[in-house]
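Worksheet: one structure, shown below.
The values are calculated or read from the model by the stated rules, or taken from the named source; none is laboratory data. Being a predicted model, the structure only gives us computed values, none of them experimental. Note: ideal-geometry Cβ built from the backbone for every residue, glycine included; neighbour counts use all protein chains shown. The protein model used for the area step is the full one, side chains on, heavy atoms only, and it has no ligands, DNA or RNA in it. Shrake-Rupley method; radii C 1.70, N 1.55, O 1.52, S 1.80 Å.
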Amino acid sequence: MKFKLFSYALSLLLAAPLFGQGAQPVWNNLTTVQMRIPFGQSVYSFPLAAPRRITPFRIVYVPTPACTQFAVYPRVRYQGTQTLSEVRFQNNVFQTDNKNVDLIEVNFVQNVFQWQDCNISLQSLAPANPQPSQRVYAGVIEHGGGFVNRKPVTLQGTYYTQDIELLIPDYCPDYEIADLGVVTGSGTSFVTPDGSRSRTLNFHLPQPMAVSQLEVSLLAPALQSCQIPVYVRPLTPRP
């Protein structure tokens, strides 16, 4: 029953406008692939050029005598994970969590022909993410050792960014960052690292914001001083 539902949904995408009369939404193309869909079930992976938010998204094709009917069942992989997650089907489009996606996997099912040759497009209504530049040095966390809760850190400027990186030097192997907060006019927003890569901790903010002050909680051996560089990836364009 699930595959029939998605097959019907795909037909609706081709046959009817999604948002009624008036100005039509702008769908951004994620990828377009000319592919052969064999009889039965087949699974294809569509890696994105860069991780981004894609909700809502849709799967469309150009109907031809060689490409007539099939069902689709997509799943997505969120950035920083190794597992695939289910998507939701609402109002003729697929919905994901509001997180960056780096891969879409689609299970195709067609039981009509030996194969179908189709031009498949994956499209997103979400605007393209502002493109981050190369990381730039924004300041340093100076710490004399031991535990400190919400240590204030003033950066050397104001940066419009969604990504902050802390690089723990090799001479501070036992340092741990408990949490990091971005100070705004309405308070402090705390974020957790996406994961560790060597000694680099990556913090992805829930949305782009102007960052000039941080609060950092650190756990370190007593009297072991350390200087931890702070990097940001400025976004352009800035609204």
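Return, ordered by residue number, the residues of the range 198-217 whose backbone nitrogen is under 11 Å from a label point located 7 Å along Cα→Cβ of residue 179. Residues passing the 11 Å test: 216-217.
Once both labels are positioned 7 Å from their Cα atoms along Cα-to-Cβ, the gap between residue 29 and residue 111 label points is 3.4 nm.
For the range 23-106, the share of alpha carbon pairs falling in successive 5 Å distance bins from zero is 3, 12, 24, 24, 19, 12, 5, 1, 0 percent. Accessible surface calculations at 1.4 Å, restricted to protein heavy atoms, place the range 132-237 at 50 Å² per residue. How many angstrom lie between the Cα centre of the range 77-93 and the Cα centre of the range 139-153? Here the two parts' Cα centres lie 38 Å apart. Remark: the range 178-183, residue by residue, has Karplus-estimated 3J(HN,Hα) of 6, 6, 9, x, 9, 7 Hz, where x stands for each Gly or Pro and the curve is 6.51 cos²θ - 1.76 cosθ + 1.60 at θ = phi - 60°. When only DSSP loop residues count, what chymotrypsin sites (Phe, Trp or Tyr not before Pro) in the range 169-225 have their Cβ near at most 11 other Cβ atoms within 10 Å? Hits after loop and neighbour filter: 171.
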